[in-house]
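What follows draws every value from the coordinates through simple rules; no lab data is involved. Small disclaimer: the values here were computed from a predicted structure and weren't measured. Glycine gets a Cβ as well: all are built from the backbone with ideal geometry, and neighbour counts include every protein chain shown.
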Amino acid sequence: MTDQPTVRLSVPERAKAGEVIEIKVMIQHDMESGYRRGSLGEAIPRDIIKHFRCSMHGETIFAAEFHPGVAANPLLSFHMRAERSGMLTFEWIDQTGVRWSKQAELAVE
Amino acid sequence: MKKTVARRRFLQGALILPMGWVMPSAAAETQARRQQVAAAIAEVFGPNRTVRAGKVQVRVPAISENGYSVPVAVEVDSPMTRDDHVRRIAVVSEANPLAVIAQFELGPQAALAKVNTRIRLADSQRVYAVAEMNDGTLWTGYGHSIVTLAACVI
């Protein structure tokens with residue numbers, strides 16, 4: 001899965017200083033557990049995203065480590081306190097080191 | 001005549017035997033599940049840690065019709081201030097082939113220790129979450145879900 005997967009972000013465009021906002025992210029990925037078998041009985045190799053990180057101004061806000069027990073198209077929702085305007089960076093790294101990222105601008109007033 | 005007695009004995013035995021099998025295996029399974037959780041906590045947070053029950057809420061549907069995608073909401077009772085916050089959270093399964101499902105790390109800007117995701121469940125079971133606070137204490141809670149379509153091979 002090296003082609004660019006669909007990423008869905010739910011981030012408010014603007015927030016008041018000090019406001020707590022919810023961020024939802026989803027990336028399209030099979031998260032192949034490595035436990036399944038194909039129609040010919042052959043083992044389907046594991047292919048999962050291992051790491052997720054959400055950061056702003058270089059500082060980690062929230063990070064996750066995934067294992068095969070995470071469902072396909074991993075979805076996460078978490079909360080942050082809006083302090084400064086800036087670019088939120090979301091990145092996912094799969095088990096082989098392939099990296100996908102997406103950004104969203106947050107305006108704090 | 002002789003045959004009838006043998007048959008009766010056999011039938012009595014056949015009745016008693018499964019009871020003997022079922023009763024201890026249920027307890028043994030519960031014990032195996034608790035051990036899997038303890039091993040997973042040691043794997044994530046290191047060995048010989050004291051884990052206290054409380055502060056952590058895990059919400060899973062009471063009945064999961066599809067074990068391949070079960071929504072789970074973890075919430076830790078914490079003010080999330082500089083002096084008192086959650087550092088890490090692990091989601092642990094007691095019955096999946098791999099106990100550790102996901103780990104979360106919360107930075108200083110994470111305002112609430114509240115995380116939602118979707119997981120796979122291989123069987124009806126408890127889903128645990130373990131939170132590590134900044135003072136190093138570990139707290140745990142669980143939710144239980146009956147899985148009607150198991151992610152049999154997760």
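Checking the cross-link filter: which aspartates and glutamates have an alpha carbon closer than 19 Å to that of B:K55, excluding same-chain neighbours under 8 positions apart? Excluding near neighbours in sequence, the set is B:E75, B:D77, B:D83, B:D84, B:E105, B:E132, B:D135. Roughly how far apart, in whole Å, are the Cα centres of the range B:102-154 and the range A:41-109? The two parts, judged by their Cα centres, are 17 Å apart.
Mean sequence separation of contacting Cα pairs (under 8 Å, at least six apart), scaled by the length of the range B:57-103, corresponds to a relative contact order of 24 percent. Counting Cβ atoms of other protein chains within 10 Å of each residue's Cβ and taking the mean over peptide B:137-143 gives 0. Using only side-chain charges placed at the Cβ, +1 for Lys and Arg and -1 for Asp and Glu, the dipole size of the range A:7-108 relative to its Cα centre rounds to 80 debye.
Taking the C-alpha atoms only, the angle from helix B:2-45 to the longest principal axis of chain B is near 10 degrees.
The mean number of Cβ atoms from other chains found within 10 Å of a Cβ in peptide A:22-31 is 1, as a whole number. For peptide B:93-105, the mean count of partner chain Cβ atoms within 10 Å of a residue's Cβ comes to 5.
When A:S33, A:S101, B:S124, B:S78 are sorted by how many other C-beta atoms sit within 10 angstrom of their C-beta, beginning with the fewest, the order is A:S101, B:S124, B:S78, A:S33. This ranking places B:Y128, B:Y142 by how few other beta-carbon atoms lie within 10 Å of each, fewest first, which gives B:Y142, B:Y128. If you take all other residues with their beta carbon under 11 Å from the beta carbon of B:G141, and give Lys and Arg +1 and Asp and Glu -1, the sum is +2. Other residues lying with their Cβ under 12 Å from the Cβ of A:G18 contribute a combined charge of 0, Lys and Arg counting +1, Asp and Glu -1.
Under the convention that each Lys and Arg Cβ holds +1 and each Asp and Glu Cβ holds -1, the size of the dipole of chain B around its Cα centre is about 1120 debye.
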